[in-house]
Amino acid sequence: VVNTIPSSRWYSGSGIYRDVTLFVKGATHIKQDGLFVHTENVSASKATVVVENEIEAAKGSVKTTIYDKDGKEVATNTVSATAATKQTFDITNPDLWSVDTYTPALYTVKSEIIVDDVVVDTAVDKFGIKSIAFDRNLGFFLNGEAMKLKGVCQHHDQGALGAAANYHAIYRQVK
């Protein structure tokens, strides 16, 4: 990055100001941001988890495993790989995600592409099992309970301080 001074910007926040990661993949791989997880029919006794993978040059099979917050395997399935692979899992007695805890119940999903008994790519993500609903008269509901939404419009930069994330400046803005 070349930050030419003087520039048309009134602060020095140009350039790379977040971590950069280079992904090197083989021909058959799960596309970048191609792992999608969503839940359906969530209750205290059962939840349906749908895992979708967008796969480039699909061949072989896709093995998907779901782990609970303690790392215990709760579901697994293997299917033939297609450009848009979709798998459905039933999780009994799910630990529901909530904002009321400092350690929310997060599950981990791991999808692996297997070609000729070799894992050629892996995608891992975390997700929470929860139900959400909106009612125009009653508002927002999380896991069947009414909840008020609170938030801020938080920009990435700190004005004259630049674009580097500064804990104290962000705290001041949120406060």
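The residues of the stretch 56-175 present an accessible area of 68 Å² per residue when probed at 1.4 Å with all protein chains retained. Among 131-141, 57-67, the peptide with the highest mean count of other Cβ atoms within 10 Å heads the list, and the full ranking is 57-67, 131-141. In terms of overall dimensions, the chain has a Cα radius of gyration and Dmax of 21.2, 62 angstrom. Counted by Cβ distance under 11 Å from Pro104, the other residues give a net charge of +1, where Lys and Arg count +1 and Asp and Glu count -1. Straight-line cross-link partners of Lys59 among the lysines, defined as a Cα under 19 Å from its Cα and at least 8 positions apart when in the same chain: Lys25, Lys31, Lys86, Lys110. Here the gap between Val124 and Lys148, fully extended at 0.36 nm per residue and compared with their Cα-Cα distance, gives a gain of 5.5 nm. Taking label points 7 Å from Cα along the Cα-to-Cβ direction, Thr108 and Ala133 give a separation of 3.3 nm.
Considering all C-alpha pairs of the stretch 77-133, those separated by over 14 Å amount to 67%.
The stretch between Leu22 and Val174 holds 51.5 nm of extra length on full extension. This uses 0.36 nm per residue minus the Cα-Cα distance. Think of the stretch 77-153 as a dipole: +1 on every Lys or Arg Cβ, -1 on every Asp or Glu Cβ, centred on the Cα centre; then among Tyr102, Val79, Val115, Tyr102 lies furthest on the positive end. Ligands, DNA and RNA left out, the 1.4 Å accessible surface of the stretch 21-175 is 51% carbon and sulfur atoms. Remark: relative contact order (the chain) = 20 percent; criterion is Cα-Cα distance under 8 angstrom and separation of 6 or more residues. Using a simple spin-label model with pseudo-atoms 7 Å out from Cα toward Cβ, Phe141 and Gln32 lie 4.0 nm apart. Both radii were evaluated on the Cα set of the stretch 44-105; the Rg over Rh quotient, with Rh as the Kirkwood radius, amounts to 1.07. A simple spin-label model places pseudo-atoms 7 Å from Cα toward Cβ; at Ser61 and Thr78 they are separated by 0.3 nm. Listed by chain and number, the lysines whose alpha-carbon sits under 21 Å from that of Lys150, ignoring those within fewer than 8 places in the same chain, are Lys130, Lys175.
The values are calculated or read from the model by the stated rules, or taken from the named source; none is laboratory data. Just so it is clear, the structure is predicted and the values come from calculations on it, not from any experiment. Please note: Cβ atoms are built from the backbone with ideal geometry, for glycine as well, and neighbour counts cover all protein chains shown. Side chains are part of the model used for accessible areas, which takes the heavy atoms of the whole protein and leaves out ligands, DNA and RNA. Shrake-Rupley method; radii C 1.70, N 1.55, O 1.52, S 1.80 Å.
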